[in-house]
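Peer 1: Structure incoming, see below.
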Amino acid sequence: MEPFSEELLPFAIAGFFIAFVLAFGVGANDVANSFGTSVGSGVLTLRKACLLATVFEVLGAILIGYKVSDTVRKGILDVSLYNNTEKELMLGSLAALGGSAIWNLVATFFKLPISGTHTIVGATVGFSLCARGFDGVNWTTFGKIVGSWFISPVLSGIMSGVIYLLLNHFILKKEKPLEPGLKALPFIYGLTLLVNVFSVVHDGPRMLHFDVIPWWGAVITSLGVGFLTALFVQCIIVPRQRKAIESDLAKAACKQDHEVKFTFESADNSRSPTPPGQELSVIEKGVSPTTYTFNSSATETNGYIPAETKGNLLGNGLNNTCPSSQSLGITHNSSQVPLVNANQVKIVSMDELTDKKEAETDKPEVKRLFSFLQILTATFGSFAHGGNDVSNAIGPLIALWAIYTEGSVAQSSPTPIYILLYGGIGISVGLWVWGRRVIQTIGEDLTKVTASSGFTIEIGSAFTVLLASKAGLPISTTHCKVGSVVFVGWAKSSRQGVDWGLFRNIVIAWVVTVPLTAGISALLMLILQIAFL
């Protein structure tokens, strides 16, 4: 057909509109993966996360998004089968956009983090099966992509899990984690910048002429940036962090001493006159029990004090007064312990309480060290997501636009920068309007995320996605992030640290995504064929 044919113009316009809806859905669902753990750990507010994601999603889309976009629009289908039927391929692209958009919005409504890559690949296969049968699909490329869906969560999870175990052994489990943490800080920052700079410079964006830089030039550049970053962190950041954290710890210790003193004073003046019968009736009314532990020196309360008080005593070197290793779930009036019904007593090991608390929270100095690192790695994760997943939103749109401007299905022109920018903007809008739904699932509901564990989740999944983007393989960022969250949650606090019921629902959503979007796309293609062919 003639380039810029008026007959094809309505389809191109419709493509831009549906692609924006799809980008909105991808942003609401997939971008949550990038900053979900940062919001869940309390390191970033939702507003700040959205601001950072807007900038780096768009940058990633423009700088490294073209490679994966080429795979989505030309690698899955044998476009030569549509020679002289350009209009039919445009209708197929519309069907793919529509089928993918519908499922993205539905899944986001139910707070299920699905793969944008799954949806667009499934939708593309669906319309092709309707239009050309099994001959229309490049099954070799499709098989590689499907294989990556299963490999990516395991690879990302293992990478994040190993990083967490190393940090846990060398830093987090130390009685005084500040010094080993400060020593590791330059290396961690340097390595993070090194890998991400290499991913951008090596065979990078043509618009910045990075594509002419040889591989050894990319290695030298990234090594230089990593070394300078480590040097800057060692000379500037580490001394400032040490001073600030030591000041915070001193203030916290002073406050804790005051709280312990207040606890003893309260115990001396709080003998409850409540009769035993009335106290038991409080329990029967369903008042939530408070955890108590035995302390022989607490004579005013028959030897029982709140478990939190024991923690304060232990923190101040008074653990020799706490011989018992058990705590009891009872009512606030501990003088009535002997009269509590056995069914209302919960025996909890103090070691279990301590381990659970340490798994769910970071020490103050650890949180301070890893907070900015988590933000940094989440930012790179957002950049990687923009480079990898913008193709899910605008891959078929680029095909539509290429057919309209060239009049051919060959699509020989490179991916236009302005369409990548358009997709990045649509993704960002979706995040701002609806992203909080899936952010809650990733950052809070699946497992308890802290600054340190969030950092390992971010860096493991970001590295996996960046490497795949450089290879031109559209893997699922959702699978990478969920895989890392589950592996780290498991490593951090055993099986109980992960909501396996929620994980099961997410996996079910993953499994049905491809056949569901393929079916929707095939149905839309059938309707469009009847209407316009």
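Peer 1: For q values of 0.18, 0.23 Å⁻¹, compute log₁₀ I(q)/I(0) with the Debye formula on a Cα-only model of region 2-61, without solvent.
Peer 2: -0.71, -0.92
Peer 1: Carbon and sulfur atoms: what percent of the 1.4 Å accessible area of region 80-146 do they account for?
Peer 2: 63
Peer 1: Give me the accessible area of D248, 1.4 Å probe, in Å² rounded to the nearest 10.
Peer 2: Answer for D248: close to 70 Å² accessible.
Peer 1: What trypsin sites (Lys or Arg not before Pro) does region 126-178 have in DSSP loop regions with at most 15 other beta carbons within 10 Å?
Peer 2: Qualifying residues, ordered by number: K173, K174.
Peer 1: Within region 480-524, list the residues whose amide N lies under 18 Å from a label point set 7 Å along Cα→Cβ of L166.
Peer 2: 484-485, 487-489, 491-492
Peer 1: By how many nm would the segment from D445 to F109 lengthen if fully extended, with 0.36 nm per residue of separation less the alpha-carbon distance?
Peer 2: Contour length minus Cα-Cα distance gives 119.4 nm.
Peer 1: How much accessible area per residue does region 196-251 have, counting only protein heavy atoms and a probe of 1.4 Å, in square angstrom? Numbers along the way, then the final one.
Peer 2: Values: 3540 Å² over 56 residues.
Counting only protein heavy atoms, the per-residue value for region 196-251 is 63 Å².
Peer 1: Calculate the FRET efficiency for L533 and V154 from the Cβ-Cβ distance with a Förster distance of 56 Å, rounded to the nearest 0.05.
Peer 2: Calculated transfer efficiency: 0.80.
Peer 1: Can you tell me the length gained on complete extension of the stretch S80 to K255, counting 0.36 nm per residue apart and subtracting the Cα distance?
Peer 2: Details: separation 175, 0.36 × 175 = 63.00 nm, distance 7.30 nm.
Working it through step by step, the gained length comes to 55.7 nm.
Peer 1: Counting only heavy atoms of the protein chains, get the accessible area per residue of region 385-432 (1.4 Å probe) and round it to a whole Å² value.
Peer 2: 24
Peer 1: Another question, if that's okay. Label point 7 Å out from T45 along Cα-to-Cβ: which residues of region 434-451 have amide N under 18 Å?
Peer 2: 434-437, 440
Peer 1: In the structure displayed, which of K255/K481; K176/K492; K144/K481; K111/K174; K144/K367; K111/K251 lie more than 30 Å apart, Cα to Cα?
Peer 2: Working: K255/K481 38 Å; K176/K492 19 Å; K144/K481 20 Å; K111/K174 38 Å; K144/K367 40 Å; K111/K251 41 Å.
Among K255/K481; K176/K492; K144/K481; K111/K174; K144/K367; K111/K251, the Cα-Cα distance tops 30 Å for K255/K481; K111/K174; K144/K367; K111/K251.
Peer 1: To the nearest 10 square angstrom, how much accessible area does C130 have with a 1.4 angstrom probe?
Peer 2: Estimated to the nearest 10 Å², C130 gives 50 Å².
Peer 1: Hey, what does the equivalent ellipsoid look like for region 69-139, semi-axes from the Cα gyration tensor as sqrt of 5 times each eigenvalue, largest first, whole Å?
Peer 2: Computed over region 69-139, the values are 24, 12, 10 Å.
Peer 1: Based on the Kirkwood radius over alpha-carbon pairs, what is the Stokes-Einstein translational diffusion coefficient of region 67-219 at 10 °C with 1.306 mPa s viscosity, in µm²/s?
Peer 2: Diffusion coefficient, whole number: 81 µm²/s.
Peer 1: Sticking with this one: What length, rounded to one decimal in nm, is gained on full extension from E7 through to L502, with 0.36 nm per residue of separation minus their alpha-carbon distance?
Peer 2: In short, 173.4 nm is gained.
Peer 1: Round to a whole number: what % of the accessible area of region 408-533 belongs to carbon and sulfur, probe 1.4 Å?
Peer 2: About 70 percent, which is the carbon plus sulfur part of the accessible surface.
Peer 1: Of I425, I237, I459, which has the most accessible area with a 1.4 Å probe, and how do the rest follow in descending order?
Peer 2: I425, I237, I459
The values are calculated or read from the model by the stated rules, or taken from the named source; none is laboratory data. Note that the coordinates shown come from a computational prediction; the quantities given were computed from them, not determined experimentally. Heads up, the Cβs are rebuilt from the backbone with ideal geometry, glycines too, and the neighbour counts pull from every protein chain shown. The accessibility values were calculated without ligands, DNA or RNA, using every heavy atom of the protein model including side chains. Shrake-Rupley method; radii C 1.70, N 1.55, O 1.52, S 1.80 Å.
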